[in-house]
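Worksheet for the structure shown next.
The values are calculated or read from the model by the stated rules, or taken from the named source; none is laboratory data. As the structure is a prediction and not an experimental result, all values here were calculated from the model. Cβ: placed from backbone, ideal geometry, glycine included. Neighbour counts: every protein chain shown.
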Amino acid sequence: MIHEVEFREGLEGLTPARIMTLYRRAPLIRPVDAQEKVWEMYENSSLVVTAWHEGHLVGIARVLTDGVLQSYLCDLAVEPDVQGLGIGKKMIDEVLERCKGTELLLRDSNISSSFYERLGFLRVENAWMRTAG
Ligand SMILES: CC(C)(COP(=O)(O)OP(=O)(O)OC[C@H]1O[C@@H](n2cnc3c(N)ncnc32)[C@H](O)[C@@H]1OP(=O)(O)O)[C@@H](O)C(=O)NCCC(=O)NCCS
């Protein structure tokens, strides 16, 4: 099935409603429910990679990068009906290809930490965060 999935770069085909449906189903919890805010997040991202199967959005990844040293993977979600088929891994490969030479940081969740470990990511201890407040 994975060979029938088309991977795209950019916002083509995306709508806030499609993004929010995928987040809800994956699930990927994001404290944003206003459609214009979701769209702003995507417009302001350096890189968006999407996966499509038979016209349906089945995967999404969003990255902020300086293109030289550092990249931050903000979101990664795969439609639950097609999870476990290699789409998430391929999306990470697509991101790494486009952010080559930079280190890729991300926040994980309990359900996805083993996924990143499986893909060769290293857990770091020296990260700090200020909440949005
Ligand atoms: C995490 C997620 C993106 C993985 O995508 P996916 O398409 O299901 O993953 P893949 O099929 O590409 O899996 C790649 C490898 O990781 C393994 N894997 C996938 N999800 C895993 C998980 N939750 N825990 C452990 N291993 C996992 C697969 O078995 C596969 O291993 P293999 O190479 O030995 O076959 C997807 O499950 C998802 O959208 N989850 C909900 C949202 C989420 O948690 N996003 C991450 C936010 S930080």
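Quick notes
- With respect to (1) buried (at least 18 other Cβ atoms within 10 Å of the Cβ); (2) away from the ligand (no atom under 12 Å from the Cβ); (3) of a type in the set (D, E, K, R), the lone exception for Glu54 is condition (1).
- Entirely in the range 1-118, the helices (runs of 4 or more DSSP H) that have 2 or more residues that are of a type in the set (Val, Ile, Thr): 16-25, 87-98
- Selection count, the range 1-16, where residues are farther than 17 Å from Cys74 by Cβ and either loosely packed, with under 12 Cβ neighbours inside 10 Å or at pLDDT below 95 (or both): 5
- Checked across the range 99-117, the condition of being farther than 26 Å from Glu6 by Cβ, touching a Leu at 6+ places or on another chain (Cβ under 9 Å) and among the hydrophobic types (A, V, I, L, M, F, W, C) holds for at least one residue.
- Residue within the range 25-41 that is aromatic (Phe, Trp, Tyr) and touching a strand residue (DSSP E or B) at 6+ places or on another chain (Cβ under 9 Å) present: no
- Residues that are among the acidic types (Asp, Glu) and within 18 Å of the chain's Cα centre (by Cα), drawn from the range 93-133: Asp93, Glu94, Glu97, Glu103, Asp108, Glu117
- Of the residues making up the range 84-113, those that are without any contact (Cβ under 8 Å) to a residue 40 or more places away in the chain, surrounded by 15 or more Cβ atoms within 10 Å (Cβ to Cβ), over 22 Å from Glu12 (Cα atoms) and near the ligand (Cβ under 7 Å from one of its atoms) are Leu106, Asp108, Ser112.
Results for (1) modelled with pLDDT under 95; (2) among the hydroxyl-bearing types (Ser, Thr, Tyr); (3) at positive phi, shown as yes or no for each residue.
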{"residue": "Glu43", "(1), (2), (3)": "no, no, no"}
{"residue": "Ala51", "(1), (2), (3)": "no, no, no"}
{"residue": "Thr65", "(1), (2), (3)": "no, yes, no"}
{"residue": "Val82", "(1), (2), (3)": "no, no, no"}
{"residue": "Gly88", "(1), (2), (3)": "no, no, no"}
{"residue": "Gly101", "(1), (2), (3)": "no, no, yes"}
{"residue": "Leu106", "(1), (2), (3)": "no, no, no"}
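- Residue check, Pro31 at pLDDT below 95, within 15 Å of the ligand (Cβ to nearest atom) and closer than 23 Å to Asn110 by Cα: yes
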